[in-house]
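Novice: After the structure tokens below, expect a handful of questions from me.
The values are calculated or read from the model by the stated rules, or taken from the named source; none is laboratory data. This structure is a prediction, so every number in the text was calculated from the model and none was measured. Cβ placement follows ideal geometry from the backbone for every residue including glycine, while neighbour counts extend to all protein chains displayed.
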Amino acid sequence: MSEQKPSQEKLTIEQLSSIKVMVIDDSNTIRRSAEIFLKASGCKVILAEDGFDALAKISNEHPDLIFVDIMMPRLDGYQTCSLIKRNARYKSTPVIMLSSKDGLFDRARGRMVGSDQYLTKPFTQETLLNAVQTYGLISKANQQEAE
């Protein structure tokens with residue numbers, strides 16, 4: 001299995017406006033902060049409160065990129081990521097874990113369930129947008145290959 005290297009190219013404003021980003025977090029504050037940061041850059045944003053809410057919305061919305069909190073009730077971020085990556089239709093959708101934990105074990109566990117990147121909270125607008133820049137092009141390329 002070949003791992004794709006993040007591109008050094010930057011998405012244009014027009015390309016960013018075509019990127020659909022899902023943010024899954026049980027914290028209203030985190031969801032709203034991410035929404036403000038992403039919408040300010042032109043991204044379309046889909047919000048979900050937990051893994052179950054997200055899984056229902058993913059099949060309707062088809063996000064290009066997913067940010068998922070690790071610590072959530074009912075279905076945690078690891079379980080949510082694993083379910084997304086096991087679905088043939090969404091396995092190439094980039095999933096970025098969000099967590100206040102920054103331990104090696106947490107990062108390794110994220111990789112084991114298929115996450116593409118791991119961001120530590122609190123995140124900044126810059127770190128969120130860098131992830132969108134990095135994985136947005138990969139997601140679009142994957143979609144074009146699938147068509």
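Novice: If I ask for residues that are under 19 Å from S99 (Cα atoms), surrounded by 17 or more Cβ atoms within 10 Å (Cβ to Cβ) and either in contact with an Asp or Glu (Cβ under 8 Å, 6 or more places away or on another chain) or touching a residue at least 40 places away in the same chain (Cβ under 8 Å) (or both), which ones from the range 50-74 would you list?
Specialist: Those that are under 19 Å from S99 (Cα atoms), surrounded by 17 or more Cβ atoms within 10 Å (Cβ to Cβ) and either in contact with an Asp or Glu (Cβ under 8 Å, 6 or more places away or on another chain) or touching a residue at least 40 places away in the same chain (Cβ under 8 Å) (or both): D50, G51, L65, I66, F67, V68, D69, I70, M72.
Novice: Going by what's in this entry, would K121 be described as under 19 Å from C43 (Cα atoms), of a type in the set (K, R) and either modelled with pLDDT of 95 or more or under 15 Å from the mean Cα position of the chain (by Cα) (or both)?
Specialist: Numbers: under 19 Å from C43 (Cα atoms): no; of a type in the set (K, R): yes; either modelled with pLDDT of 95 or more or under 15 Å from the mean Cα position of the chain (by Cα) (or both): yes.
Spelling it out, it is not the case that K121 is under 19 Å from C43 (Cα atoms), of a type in the set (K, R) and either modelled with pLDDT of 95 or more or under 15 Å from the mean Cα position of the chain (by Cα) (or both).
Novice: Is there a residue being under 17 Å from R31 (Cα atoms) and among the basic types (K, R) anywhere in the range 97-104? Walk me through it before giving the result.
Specialist: Just the residues of the range 97-104 that are under 17 Å from R31 (Cα atoms), to begin with: 97-100.
Imposing the further condition that a residue be among the basic types (K, R) reduces the set to none.
No - not one qualifying residue is present in the range 97-104.
Novice: I'm told P6 meets every condition in (1) modelled with pLDDT of 95 or more; (2) surrounded by 15 or more Cβ atoms within 10 Å (Cβ to Cβ); (3) of a type outside the set (D, E) except one. Can you identify the failing condition by its number?
Specialist: (1)
Novice: Give me the residue from the range 29-49 that is of a type in the set (D, E, K, R) and touching a residue at least 12 places away in the same chain (Cβ under 8 Å) and, out of that set, farthest from S17 (Cα to Cα). Walk me through it before giving the result.
Specialist: From the range 29-49, those of a type in the set (D, E, K, R) are 31-32, 35, 39, 44, 49; that's our starting set.
Of the ones still in play, those that are also touching a residue at least 12 places away in the same chain (Cβ under 8 Å) are 31, 35, 44, 49.
Values: R31: 19, E35: 13, K44: 7, E49: 23 Å.
Top of the filtered list is E49.
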